[in-house]
Every structure is written in structure tokens, then in C-alpha cells.
Amino acid sequence: MIYANASDWRNAPQKRVLLFAMSGLGKTYLSTMLRDQGDWFHYSIDYRIGTRYMGELIADNAKREAMKVPFLRDLLRSNSIYIGSNISFDDLRPVSSYLGKPGDPDRGGLVWDEYTRRQDQFQAAEIAALHDTAHFIDRAQALYQYPHFICDTGGSICEWVDVNDPDDPIMTDLASKTLMVWIKGTQEHTAELIRRFDREPKPMSYDPVFLKATWDAYLNEFNVVPDKVNPNDFIRWAFAKALAHRQPRYQAMADRWGITVPQEAVEQVKDTEGFVGMIADALEMRG
């Protein structure tokens with residue numbers, strides 16, 4: 001790790017951290033809090049995906065839907081109106097809405113081939129955005145003179161990592177430049193994430209092997225054909241399985257390349273000093 005112990009971390013003139021965890025456990029809360037206090041550059045992987053790597057895909061998809069409306073089609077073809085993605089750090093819905101959900105088109109679903117095509121696009125975009133971390137570390141210092149850097153990753157980072165390979169290209173790249181920090185939730189947090197997702201299901205991205213196995217299992221268990229699947233029912237059903245699928249991957253990533261902080265500790269952090277102390281405690285625990 002780039003900081004050997006708590007003392008190295010506390011004394012580092014340039015602190016560089018990457019947070020990973022399931023959505024809803026505090027990655028963006030910590031990143032925003034540090035950014036707002038002035039000395040930290042906040043690099044959002046999902047924002048980078050939605051602007052640099054998938055912005056055109058998202059905008060073109062919106063235009064494709066608008067072209068189905070004669071009034072809007074005429075305005076678009078004459079360049080009289082503009083359609084774009086208004087993505088922000090606080091609202092990443094353009095990305096998730098583009099990913100979509102598989103199932104019945106009459107209920108807003110995508111046919112399987114189109115759904116998996118978008119999944120593949122997202123995978124390529126997220127991997128590229130993760131590898132851009134070093135560029136933004138340099139940019140934060142050279143252009144904006146931020147001494148410290150925090151990378152806020154998406155929950156799907158673990159889907160593209162081979163946790164059994166000590167030379168995994170994503171993790172070796174990131175761990176050579178940042179301190180990898182896993183925010184670990186409890187069973188109670190997991191249950192709350194499931195309840196929250198059940199109230200407002202949103203598209204997610206998955207490892208292709210896991211996704212195909214989960215899709216086939218759903219079709220078999222509920223004896224339904226693909227174009228009759230209720231899209232929201234499927235992603236709700238898949239979410240709990242995804243949590244169980246991701247947890248050991250996060251654990252292995254932290255064990256091999258980083259440190260772990262409990263979500264309860266994140267809830268207690270209110271300022272930069274508290275954040276630095278939480279990371280120092282985790283480094284001491286790791287030894």
C-alpha cells in the first residue's frame with residue numbers, strides 16, 4: 001500500500017484515497033464532505049463514465065426516443081432543439097436509465113441482446129474511467145493545486161476485478177496510486193439497502209457470467225419467457241443475489257490491496273480531521 005502505517009498516512013503531504021463499497025454506504029457522502037471543505041479533489045467514476053465515455057450514447061438514446069414523436073423529430077432534424085444529458089455528481093440517473101432493465105418492452109424493458117450490449121458498453125467505460133484515476137491525480141495537483149485526492153467509485157468495480165490474481169491490472173494500477181478503502185456494511189445495512197432498492201429499483205451493471213446465470217435462474221424459477229419478464233421484478237430479485245455475489249469480492253479486494261472501515265465509523269465522520277483519523281485507525285488495525 002502507498003501508506004505503510006498510520007504515521008505515514010497522517011504525515012503525507014498529499015493524501016490519495018479510493019473508496020469502494022455498495023451504493024448507499026457513504027462513498028459519495030465522504031467524498032462530497034471532503035470536497036466541500038476545500039483541500040480535496042473529488043473524482044467520481046460514475047460522473048466520468050456518464051460524461052466522457054457514455055455521454056454520446058446517453059444523448060443519442062434520448063434523441064432516438066424523441067424521434068418517435070413527429071413534432072420533436074422535425075425540430076431535431078432542423079437543429080431547432082438540443083437534447084443532452086444533465087448529469088451531475090448528485091444525479092447520475094442518466095447513466096442508470098441508459099443501462100435499462102431486461103424484459104417486457106411494453107413495461108419498459110429491453111430485449112436481452114440490447115440490454116447486454118449496454119452492459120458491455122458500461123463495463124468498458126467503467127474500466128477506462130478507473131484507469132483514468134492517475135490522470136486526475138496529476139490534473140488535480142497541476143491544474144487546480146488540490147493537495148489531496150479522493151476517488152468515489154461505483155458499486156460495480158468488483159465485477160471487473162479478478163480477486164484471485166495478485167497482478168489484476170485494475171487493482172494493481174489503482175493500488176499503486178491510491179489507498180484502497182472498503183466501506184463494510186453490516187447485515188442490517190444490507191437489509192436496509194434491499195428495502196431501499198425495493199422501493200426504488202434502479203438499473204445496475206454486473207459481471208456477464210453472473211448476470212447470465214441470474215437471468216436463466218429467474219426464467220426457470222418463475223417459468224416465464226424473456227419478453228414477458230416484468231423488468232422491475234427481475235432487478236429486485238437480482239439485487240439481493242448481487243449483494244451476496246459482491247460481498248466476498250469486496251472483502252478479497254480489501255484483504256489483498258487495501259484496508260477496511262466499518263460503515264458505523266463512516267457515519268461518525270463529520271470533517272476532514274475525522275476522516276483522517278478513521279483511515280489512521282484502519283491502518284493500525286491492519287498492522
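The values are calculated or read from the model by the stated rules, or taken from the named source; none is laboratory data. Since the model is a prediction, treat every value here as computed from it, not as a measurement. Cβ atoms come from the backbone with ideal geometry, glycine included; neighbour counts cover every protein chain shown. When the accessible area is computed, the model is the full protein with side chains, heavy atoms only, and any ligands, DNA or RNA have been set aside. Shrake-Rupley method; radii C 1.70, N 1.55, O 1.52, S 1.80 Å.
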task = With the convex hull built on the Cα atoms of the range 81-190, state its orientation-averaged projected area in nm².
result = 11.3
request  = Using a Gaussian network model of the chain whose springs link C-alpha atoms within less than 10 Å, name the residue from Val269, Val17, Val95 with the highest mean-square fluctuation.
outcome  = Val269
9 Å beta-carbon shell around Ile45, net charge (K/R +1, D/E -1) = -3
key: Relative contact order %, the range 134-257, counting alpha carbon pairs below 8 Å whose residues are six or more apart   = 38
inquiry  = Viscosity 1.567 mPa s, temperature 4 °C: give me the Stokes-Einstein translational D for the range 192-241 in µm²/s, with Rh taken as the Kirkwood radius over C-alpha pairs.
reply    = 114
ask   = Distances over 22 Å make up what percent of all Cα-Cα pairs in the range 204-287?
value = 49
task = Excluding Asp165 itself, calculate the net charge of residues whose Cβ lies under 14 Å from the Cβ of Asp165, where each Lys or Arg counts +1 and each Asp or Glu counts -1.
result = -3
remark   = Taking the dipole of the chain about the Cα centre (Lys, Arg +1; Asp, Glu -1; charges at Cβ), the one of Ala66, Ala128, His189 that reaches farthest to the positive side is Ala66
inquiry  = If each DSSP helix of 4+ residues adds -39,500 (n - 2.57) and the sum is divided by the residues in the chain, what number results at 222 nm, nearest 500 deg cm²/dmol?
reply    = -17000 deg cm²/dmol
inquiry  = For the chain, set up a GNM with springs between Cα atoms under 10 Å and report which of Thr186, Thr260, Thr133 has the largest fluctuation.
reply    = Thr186
Cα-based Rg and Dmax for the range 1-115, where Dmax is the largest Cα-Cα distance (Å) = 20.1, 65
ask   = Quick one: if you take sqrt(5λ) for each eigenvalue of the C-alpha gyration tensor of the chain, what semi-axes come out, biggest first, whole angstrom?
value = 35, 24, 16
note = Going through Lys15/Lys212; Lys101/Lys177; Lys184/Lys241; Lys27/Lys228 one by one, the pairs whose alpha carbons sit over 28 Å apart turn out to be Lys15/Lys212; Lys101/Lys177; Lys27/Lys228
inquiry  = Considering only protein heavy atoms and a probe of 1.4 Å, how much of the accessible area of the range 102-250 is carbon and sulfur, as a whole percent?
reply    = 51
